[in-house]
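Below is one structure; the comments refer to it alone.
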Amino acid sequence: MPKVTEEHRAARRRQIAEAALRCFARSGFQQTSMADIIAESGLSAGAIYGHYKSKEELVELAVTEVLDARFLDLAQARTRDPQPSPAELVALLVHGLRDQIGDLQLLLQVWGQVPINPALSRLTTSIGGRIRTMFADYLTEWYHRHRGMDEAAARAAGDADASLYVGLVQGYVVQTVLFADFDGDAYLAAVARMEPRAGEARAAARPA
């Protein structure tokens, strides 16, 4: 019998996770059963339970996989020359979400279940902390390298600004889903206009 590769297992996990997210979008998290997910995926129950033991574990691992893919985007961005600006990072992340999830309403549907589902609330709190840390570390490095801040000032600014950049990503997702006339390109262009040019920022950072 041929050996199942890790690539095949990862592809199967993605297939199951995507089926689950489609079910959640249609019916909500509480109303979706594992039987619904099995039917949506087109796989056998054994294939599903070989990867996920429960609906809660499935959504936790599915969301974690999405997040880990964005961490990979970040790691690659930090090695580029020139390094993407924070605004370019926002664009990179929202495009990555669209490419991976497809319909962003799936993500918004899962978020909508958070206030009424303690397990999802704990998961999103943990994920929120990881995302803020991701942005804080990136911003700290950017401010130090491109805005001329010393390391302590860059860290303070990065920590303070991280939640704003998380909100910019969330705002893109929410407006994409809620507003039919939302212009994503104009939104990202506005994010870019919020940033001072590197030379201007370095001048502002120098003491008078």
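The values are calculated or read from the model by the stated rules, or taken from the named source; none is laboratory data. Everything numeric here is computed off the predicted structure, so don't read it as measured data. Virtual Cβ from ideal backbone geometry, glycine too; neighbours counted across all protein chains shown. These accessible areas exclude ligands, DNA and RNA; they are computed on the full protein's heavy atoms, side chains included. Shrake-Rupley method; radii C 1.70, N 1.55, O 1.52, S 1.80 Å.
Just a few scattered comments:
- The stretch 1-123, accessible surface, carbon-and-sulfur percent (1.4 angstrom probe): 54
- Among the protein heavy atoms of the stretch 134-175, carbon and sulfur supply 54% of the accessible surface, probe 1.4 Å, non-protein parts ignored.
- Sites excluded, chymotrypsin sites (Phe, Trp or Tyr not before Pro) in DSSP loops with at most 15 other C-beta within 10 Å, longest stretch of the chain: 1-178
- Convex hull volume per residue, computed on the Cα atoms of the stretch 116-164, equals 59 Å³.
- Both radii come from the Cα set of the stretch 59-116: Rg as radius of gyration, Rh as Kirkwood radius; their ratio Rg/Rh reads 1.05.
- For the chain, a Kirkwood radius taken over Cα pairs fed into Stokes-Einstein (10 °C, viscosity 1.306 mPa s) yields D = 84 µm²/s.
- Taking only Cα atoms of the stretch 1-118, radius of gyration then Dmax in Å: 16.2, 49
- Accessible area of the chain divided out per residue, in Å², using a probe of 1.4 angstrom: 54
- Cut-off 10 Å between beta-carbons: net charge of the residues surrounding A87, Lys and Arg +1, Asp and Glu -1: -1
- Net charge of neighbours whose Cβ lies under 12 Å from the Cβ of Y172, counting Lys and Arg as +1 and Asp and Glu as -1: -1
- Reference-scaled alpha-carbon Rg (2.2 N^0.38 Å with N residues) for the stretch 89-188: 1.21
- Sum of -39500 (n - 2.57) over DSSP H runs of 4+, divided by residues of the chain (222 nm, nearest 500): -25000 deg cm²/dmol
- Long-range Cα-Cα pairs in the stretch 8-65 (distance over 17 Å), rounded percent: 23
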